[in-house]
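K.L.:
Submitted below is the structure of interest, expressed as structure tokens.
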Amino acid sequence: MSGARFNGAELILSLMLAGSAATILAATAPGGNQSTAAARPAAQDSARRFALLVGCTKYDNNRSFRLVGPGNDVELLRTVLVDKFKFPAENIVVLSEKVGGRFRPTHDDIAREFAELAKKSGSGDQVVVLLGGHGSQQPEQNPPDLRYPKPNGRDQIFLPADIGIWNGGKQQSVVNAIPDHELRKWTKAVTATGASLWLIVDSCCSGATLRGDETPRKVSPEDLAIPESAFAEAADRARQRGGTRGGGDEPAHLFELDEQSPNFVALYAARPDEPTVERPFPIDGENQQNHGLLTYTVCEILERAAGDLTYAELHKLICDRYTQMGRTTGPKPLIEGLAREREVFGTAVPGRSQFNLLQNPSGGWKLNAGRLQGLTAGSILAVYPPRDRKNADQAIGHVRIKLANTLDSTVVPYDYGGLPTPAEDDLVPGARCELVYMDYGALRLKMAVDKLANARDKKVVAADLIARLEQADRELRELAGKPGALFMLVDRGQRPDWVVQARGKEIVLLSADAADIEGDLPAETPRFVVPARSAAKALAEYTSHIFRAQNLLNLTSPGTQIHRVARDANGLATDATAIDVEVEMLKLRDENDTQGTPIRAEGHEVTVPAGQWVAWRINNHSHFKIDVTLLFVDSEFGILSAFPRAGSGTDNMITPGGHILTGQATTTPTTYNLDQMVVIATKSEGQPIDFSVLEQSNLAAVRGALRGAGDPTLDSPLGQLCQNALYGTGGTRGLEMKVNTHQMYLMSWRVK
């Protein structure tokens, strides 16, 4: 297994729980397919668009598996791609029974066309792949790939037309199945070319009671002749590695894909424990045909959208459409990937907020974000219609935050910016909200400029340093006077939090305690050098990073290494309504240890030797499913998601009584202070709640970028998203959070 290192100002985790489900669109191409084997140059003047649409309806070895919808899905999606998005017809390959011949959706045909995509696509190209048909599970490959451990010992598989049954000999798999590790290899070959890939999987692994006119897209393992003993052996191997979500045969995701490039996004038909279906469409219309629920809804929204949608906005509209259909119990589609904030079939990252209005059951309106996303009472947001409506980019008014809770906010209509107070009838659930004024109030950092710091040790402050301090004072005053400033400028005697000071031949930013130290500073003191060039930009970056990291820490309740509450004989919380998550830091023998032993506090502090292999075991003692995020806050105010990895799509849901073991890392001595982990647990309802979007680079990375020419990292779209993650432009998940449905606490340790 590969590992990672904690290194003072930098934490790089190679976490082993990359989880992912891929949604791949299926379409049938009238007029035949064209599949070109010729490789194309990596760079070209104009980007191209390609599609692979797979629809499995006829299964050679079992007539009972047959479906109707995937064949209709590929035809529908193909029409939308050609008519709406101008995909050249010759660039769309369809694998379906209608086309037939060498373009049937068999294992080898699908593998061949993925390989062709990797050959003919290149940098900047847009690629969409649909997989429509049945899904199922098989025992995890043995020996398992420990980079992608399966907590339940099961691989997720897609069933091509020539699917066979279980081969219990040397192969130890279902004949011709497409398991997650094979799909992972195929998709990575496409994104490695620099092309953008949208993967849509319209299949599932769950069975459940369905409506009378619906057909599940799931085949049970029993129908594939997989013996229970094979699953039991795989589950036992998973338990020995320390992984179980407590849900028996519940998969981690429909597919387990590796963390992809920034050009990858995936859409899945359902959560792992839900069915997805095909049914007659249009609902209550004439000339109905069976379609996959996901594929039909995707096509419907794309056709009707008045403007450009991002993938995240498309996912939100799909969820809303399901609710309008009366599907209150599921399925709930999932989205993952670093490209989810891009526009569909585009490269632009508009940075639109994912904040949405929700109706408060007790009356009035709520916002699906709060203190954790950086919002505060008194802040003002512009309200826009949902993205699929006309005039979606024209504000209809404003709302003001009356009360900011941890994960949601109460808002009221507000007269602001020349627009009248919106009437209640003007506000609709799902309306988008963009932050226009942030009221930081007492949350703001207090900053001071100390022009004579070196006078204490009898040294003369050089004239150029005095000039730079005066410049810093002017620039800070200008920044502090701008709307939304994260800090206020105070006099040195007014107990500032941070001080700009001359030390030796440098201008540095120090904590107030450090600024009071005469002479040389201890080696472990945090100190951030203010460059002569771009001083204002550096100070703005430093203060924003400090502010965000500090306020994230301030949101947590005082915690210990282990969060203890009363539990019953089964290890569940005695209060059946409470969230109870326990995170244990484990000491590992080496990188191959999948068990570990808990690290206990020595006195009042947890200490870990340098070079120690560690991991975290997350235990759910609640009576319901939870979604968990672990955010590591380093000593230079960086925020890194230790679990799940940002953009990886790892399923962070744990069932009652279950636990999960994160990936491993090694420790090195930190530069300053304690290492700290923020534990965020929320009740699992719908799209997984994943706060990995709150990541931000640490100040070591900021300093490095500021030394370079033009600061391209911070000015890039991705850099802007990271900078603004706490303020409304990140990809936060849009769900209404009810009272007492979350838990946050802090665990910390020191490296010897």
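The values are calculated or read from the model by the stated rules, or taken from the named source; none is laboratory data. Keep in mind it's a predicted model, so treat the numbers as computed, not measured. Heads up, the Cβs are rebuilt from the backbone with ideal geometry, glycines too, and the neighbour counts pull from every protein chain shown. Ligands, DNA and RNA are excluded from the accessible area calculation, which covers all protein heavy atoms including side chains. Shrake-Rupley method; radii C 1.70, N 1.55, O 1.52, S 1.80 Å.
K.L.:
If the requirement is being in contact with a helix residue (DSSP H, G or I) (Cβ under 9 Å, 6 or more places away or on another chain), buried (at least 19 other Cβ atoms within 10 Å of the Cβ) and among the small types (Gly, Ala, Ser), which of these qualifies: ALA515, ALA532? Reasoning before the result, please.
P.N.:
Numbers: ALA532 fails: buried (at least 19 other Cβ atoms within 10 Å of the Cβ).
After ruling out the rest, the residue left standing is ALA515.
K.L.:
Out of all the residues in region 335-355, is one or more of a type in the set (S, T, N, Q) and under 23 Å from ASP83 (Cα atoms)? Quick ask: steps written out before the conclusion?
P.N.:
Narrowing region 335-355 to residues of a type in the set (S, T, N, Q): 347, 353-354.
Those left that are additionally under 23 Å from ASP83 (Cα atoms): 347.
Checking region 335-355: at least one residue is of a type in the set (S, T, N, Q) and under 23 Å from ASP83 (Cα atoms).
K.L.:
Six or more apart or on different chains, Cβ atoms under 7 Å: show the pairs whose first residue is in region 285-311 and assigned to a loop (DSSP other than H, G, I, E, B) and whose second is among the acidic types (Asp, Glu) and crowded, with 20+ Cβ neighbours inside 10 Å.
P.N.:
Final answer for the pair search is ALA305/ASP388; ALA306/ASP388.
K.L.:
On to the next question. In region 610-644, what residues are among the hydrophobic types (A, V, I, L, M, F, W, C) and under 18 Å from the mean Cα position of the chain (by Cα)?
P.N.:
Filtering region 610-644 down to residues among the hydrophobic types (A, V, I, L, M, F, W, C) leaves 610, 613-616, 618, 624, 626, 628, 630-633, 637, 639-640, 642-643.
Those that are among the hydrophobic types (A, V, I, L, M, F, W, C) and under 18 Å from the mean Cα position of the chain (by Cα): ILE626, VAL628, LEU630, LEU631, PHE632, VAL633, ILE639, LEU640, ALA642, PHE643.
K.L.:
Within region 97-113, can you find the residues that are under 16 Å from VAL74 (Cβ atoms) and in contact (Cβ under 8 Å) with a residue 12 or more places away in the chain?
P.N.:
GLU97, LYS98, VAL99, PHE103, ARG104, PRO105, THR106, ASP109, ILE110, GLU113
Each row is one residue, and each column tells you yes or no for (1) of a type in the set (Asp, Glu); (2) modelled with pLDDT under 90; (3) in contact with a His (Cβ under 6 Å, 6 or more places away or on another chain); (4) open to solvent by 80 Å² or more (accessible area, probe 1.4 Å).
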residue	(1), (2), (3), (4)
ALA382	no, no, yes, no
ASP388	yes, yes, no, no
THR410	no, no, no, no
ASP415	yes, no, no, yes
GLY430	no, yes, no, no
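K.L.:
Now for a separate question. If you go through region 74-129 one residue at a time, how many are under 20 Å from CYS299 (Cα atoms) and among the aromatic types (Phe, Trp, Tyr)?
P.N.:
Number of matching residues: 2.
K.L.:
Residue by residue through region 328-345, note down the ones that are out of contact with any Gly (no Cβ under 7 Å at 6 or more places or on another chain) and farther than 14 Å from CYS204 by Cβ. Step through it out loud before you land on a result.
P.N.:
In the first step, residues of region 328-345 are kept if they are out of contact with any Gly (no Cβ under 7 Å at 6 or more places or on another chain); the result is 328-331, 333-335, 339, 342-345.
Of everything in region 328-345, those that are out of contact with any Gly (no Cβ under 7 Å at 6 or more places or on another chain) and farther than 14 Å from CYS204 by Cβ turn out to be THR328, THR329, ILE335, ALA339, ARG342, GLU343, VAL344, PHE345.
K.L.:
One residue is enough: does region 269-291 have a residue meeting the conditions within 27 Å of the chain's Cα centre (by Cα), over 25 Å from ILE654 (Cβ atoms) and modelled with pLDDT of 85 or more? Full working, then the answer.
P.N.:
Step one: filter region 269-291 for residues within 27 Å of the chain's Cα centre (by Cα), giving 269-277.
Applying the additional criterion that residues be over 25 Å from ILE654 (Cβ atoms) yields 277.
Of the ones still in play, those that are also modelled with pLDDT of 85 or more are none.
No, that holds for no residue.
K.L.:
Note down all Cβ pairs under 9 Å where the first residue falls in region 153-170 and is closer than 14 Å to PRO105 by Cα and charged (D, E, K, R), the second is open to solvent by less than 10 Å² (accessible area, probe 1.4 Å) and assigned to a loop (DSSP other than H, G, I, E, B), and they're at least six residues apart or on different chains.
P.N.:
Filtered contacts from region 153-170: ASP162/TYR59; ASP162/PRO105.
K.L.:
Which numbered condition trips up GLN354, out of (1) out of contact with any strand residue (DSSP E or B) (no Cβ under 7 Å at 6 or more places or on another chain); (2) surrounded by fewer than 21 Cβ atoms within 10 Å (Cβ to Cβ); (3) not small (Gly, Ala, Ser)?
P.N.:
(2)
K.L.:
Tell me, which strands (runs of 3 or more DSSP E) lie completely within region 43-155 with 2 or more residues that are at pLDDT 90 or above? Can you show your working first?
P.N.:
Numbers: elements: 49-55, 92-95, 126-132, 135-139.
Qualifying strands (runs of 3 or more DSSP E): 49-55, 92-95, 126-132.
K.L.:
Just to be sure I understand the filter: pairs with C-beta atoms under 7 Å, separated by 6 or more residues or on different chains, first member in region 479-493 and open to solvent by 70 Å² or more (accessible area, probe 1.4 Å), second member among the hydroxyl-bearing types (Ser, Thr, Tyr). Which pairs pass?
P.N.:
Note: pairs meeting the criteria are PRO483/TYR437.
K.L.:
Something else: Check off (1) at pLDDT 70 or above; (2) open to solvent by 50 Å² or more (accessible area, probe 1.4 Å) for LEU302 and give me the number that stays unchecked.
P.N.:
Of everything listed in (1) at pLDDT 70 or above; (2) open to solvent by 50 Å² or more (accessible area, probe 1.4 Å), LEU302 misses just condition (2).
K.L.:
Considering region 516-557 alone, what residues qualify as being over 18 Å from SER635 (Cβ atoms) and outside any loop (DSSP other than H, G, I, E, B)?
P.N.:
ALA535, ALA536, LYS537, ALA538, LEU539, ALA540, SER557
K.L.:
Assuming TYR296 fulfils every condition listed in (1) more than 24 Å from VAL344 (Cβ to Cβ); (2) open to solvent by 30 Å² or more (accessible area, probe 1.4 Å); (3) not acidic (Asp, Glu) apart from one, which condition is it?
P.N.:
That leaves (1) as the condition not met.
K.L.:
If I filter region 312-329 for residues that are assigned to a strand (DSSP E or B) and either within 18 Å of the chain's Cα centre (by Cα) or crowded, with 23+ Cβ neighbours inside 10 Å (or both), do I get at least one hit? Break it down into steps so the answer makes sense when it comes.
P.N.:
Here is the first cut: in region 312-329, the ones assigned to a strand (DSSP E or B) are none.
Scanning region 312-329, I find no residue that is assigned to a strand (DSSP E or B) and either within 18 Å of the chain's Cα centre (by Cα) or crowded, with 23+ Cβ neighbours inside 10 Å (or both), so the answer is no.
K.L.:
Count, please, the residues in region 587-618 that happen to be in a strand (DSSP E or B) and among the aliphatic types (A, V, I, L, M). Spell out how you get there, then give the answer.
P.N.:
Quick first cut of region 587-618, residues in a strand (DSSP E or B) only: 587-588, 597-598, 602, 605, 607-608, 613-618.
Narrowing the set further to residues that are among the aliphatic types (A, V, I, L, M) leaves 588, 608, 614-615, 618.
Number of matching residues: 5.
K.L.:
Another question, then. Residues to consider are ASP73, ASP125; find the one that is buried (at least 22 other Cβ atoms within 10 Å of the Cβ), of a type in the set (D, E, K, R) and in contact with a Lys or Arg (Cβ under 7 Å, 6 or more places away or on another chain).
P.N.:
Details: ASP73 fails: in contact with a Lys or Arg (Cβ under 7 Å, 6 or more places away or on another chain).
Testing whether each residue is buried (at least 22 other Cβ atoms within 10 Å of the Cβ), of a type in the set (D, E, K, R) and in contact with a Lys or Arg (Cβ under 7 Å, 6 or more places away or on another chain) leaves just ASP125.
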